[in-house]
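Q: Input: one structure, supplied below.
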Amino acid sequence: MYDWANSAFSTTIQAALLPIFFKDVAAANLEPFVSTSYWGYTQSVAMIIAVVLAPVLGAIADHAALRKRLMVFFVTTGAFFTASLFTVDKGEFLLCSVLYVAANVAFASANVFYDSFLPAVTSRDRMDWLSSLGYAYGYVGGGLLFLINIVMVLKPGLFFLKSPVDGMKLSFVTVGLWWFGFTVPFMRHVKEEKVGYKIKISTSIKEGFRRIFETFKEIRKHREAFLMLIAYWFYIDAVGTIIKMAVVYGKDVGVPNEHLMGALLLTQFVAFPFAILYGRIAWKLGTKKALYLSILVYLFIMIWGYFLKSAWEFWALALLVATSQGGVQALSRSLFGRMVPHGKRAEFFGFFSVFSKFATVAGPAIYGFAAQLTRNSRSGIIFLIIFLLIGLALLSRVRTEEASKT
């Protein structure tokens, strides 16, 4: 159920309504290319903080068996700051950025612990299927709330609201409630592993920092896992940036808000069967070949996106994203999960999250800088294509057969 819960944040906040709200309301007094750049920088700042926290939290969680409690803490914190976006008014882009950064850091930190539960709740043979199923349910959950949020914005009178802006603000509150509310089943039913000793929090923090360096050394001993992380860093940089910057890019090239929201809603529901399908493809062809397929689809999306001019093209690209978004994420998570040594789950997944989040530091920042430098949002796409190709080349060198023996 947690994929169902947290996807509301990744859909309504990260990908859809908040970028529109930022451009049209919070940063309404700025030039379009400037607001696009600032949104990219905001994304990068949030991820820098997440990068610093992820390995520390992972090491602490494994050492003191605090994964569940820390995950619940970050979910609660993230839901609070998400709902607090309701307070942002016109021109308050700095406040909007600060609240988003706080919520996004909590979101990313909670995911460190959530990802680390995957090897503990299923076998290696079922990891592809369960990972894909989680993403699939996430798309449906996020899509259902997003559908309600779209109605709030386009038909605010139905909810006794005065304007579309009020609809956006109320949507932020619903995301916070949805995220926290649907995490309750996880809180009640998922059990934390027991430890036979008690450790002070201060000791755990010190131990956490010590184990960061040990984990880095340990990962380097596992060539395939380490190479997989580097490959993932490059290709997920491009994928993550496309997802997070798609709406602001669409606005810059003149796509109306209703088309932006409608296309993203389509993505959520079409992504559900395709996330399941990629689990089946991985079972038939192998995880790595299925991952190749999803990355190549994104390469085509980026090339077409560079020449995007009309609303129908945005819809078409959104449909293509839907076919592979769940595949590239779920299969990357499960492929790396096959390479994680027993007893190193949270630490290794902490580094997996670090590489993921650090990638999305580079992508939005490069995209934003290119847009600000050239006064044109299309420029950043060229760098994303290069990153995707580098990741694909490195992935081809990962020997999954060797990794599965560890």
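Q: Does Ile303 qualify as being buried (at least 17 other Cβ atoms within 10 Å of the Cβ), out of contact with any Gly (no Cβ under 6 Å at 6 or more places or on another chain) and not polar (S, T, N, Q)?
A: It is false that Ile303 is buried (at least 17 other Cβ atoms within 10 Å of the Cβ), out of contact with any Gly (no Cβ under 6 Å at 6 or more places or on another chain) and not polar (S, T, N, Q).
Q: So Ile236 fits all but one of (1) free of Cβ contacts under 8 Å to residues at least 24 places away in the same chain; (2) within 28 Å of Ala54 (Cα to Cα); (3) of a type in the set (A, V, I, L, M, F, W, C); what number is the exception?
A: Here Ile236 clears every test but (1).
Q: Tally up the residues in the range 290-348 that are assigned to a loop (DSSP other than H, G, I, E, B) and among the small types (Gly, Ala, Ser), please.
A: 2
Q: Starting from the range 239-263, take each residue that is of a type in the set (S, T, N, Q) and list its partners that are at pLDDT 95 or above, counting only C-beta distances under 7 angstrom and pairs at least six apart or across chains.
A: Between residues of the range 239-263 that are of a type in the set (S, T, N, Q) and residues that are at pLDDT 95 or above, the close pairs are Asn257/Ile20.
Q: Residues to consider are Thr82, Thr36, Thr42, Thr87; find the one that is surrounded by fewer than 18 Cβ atoms within 10 Å (Cβ to Cβ) and polar (S, T, N, Q).
A: Selected residue: Thr87, the only one of Thr82, Thr36, Thr42, Thr87 that is surrounded by fewer than 18 Cβ atoms within 10 Å (Cβ to Cβ) and polar (S, T, N, Q).
Q: Is at least one residue of the range 289-303 at pLDDT 80 or above and closer than 19 Å to Leu17 by Cβ?
A: So far as the range 289-303 goes, no, none of its residues is at pLDDT 80 or above and closer than 19 Å to Leu17 by Cβ.
Q: How many residues, within the range 54-113, are under 21 Å from the mean Cα position of the chain (by Cα), of a type in the set (Phe, Trp, Tyr) and either at pLDDT 95 or above or under 30 Å from Val34 (Cβ atoms) (or both)?
A: 4
Q: Can you work out which of the residues in the range 2-41 that are in a loop (DSSP other than H, G, I, E, B) and aliphatic (A, V, I, L, M) is farthest from Gly91 (Cα to Cα)?
A: So, considering only residues that are in a loop (DSSP other than H, G, I, E, B) and aliphatic (A, V, I, L, M), the one farthest from Gly91 (Cα to Cα) is Leu30.
Q: Which one of Leu384, Leu392, Leu373 is assigned to a helix (DSSP H, G or I), buried (at least 21 other Cβ atoms within 10 Å of the Cβ) and at pLDDT 90 or above?
A: It is Leu384.
The values are calculated or read from the model by the stated rules, or taken from the named source; none is laboratory data. These figures come from a predicted structure and were not determined experimentally. Cβ coordinates were reconstructed from backbone atoms using ideal geometry, including for glycine residues, and neighbour counts include every protein chain displayed.
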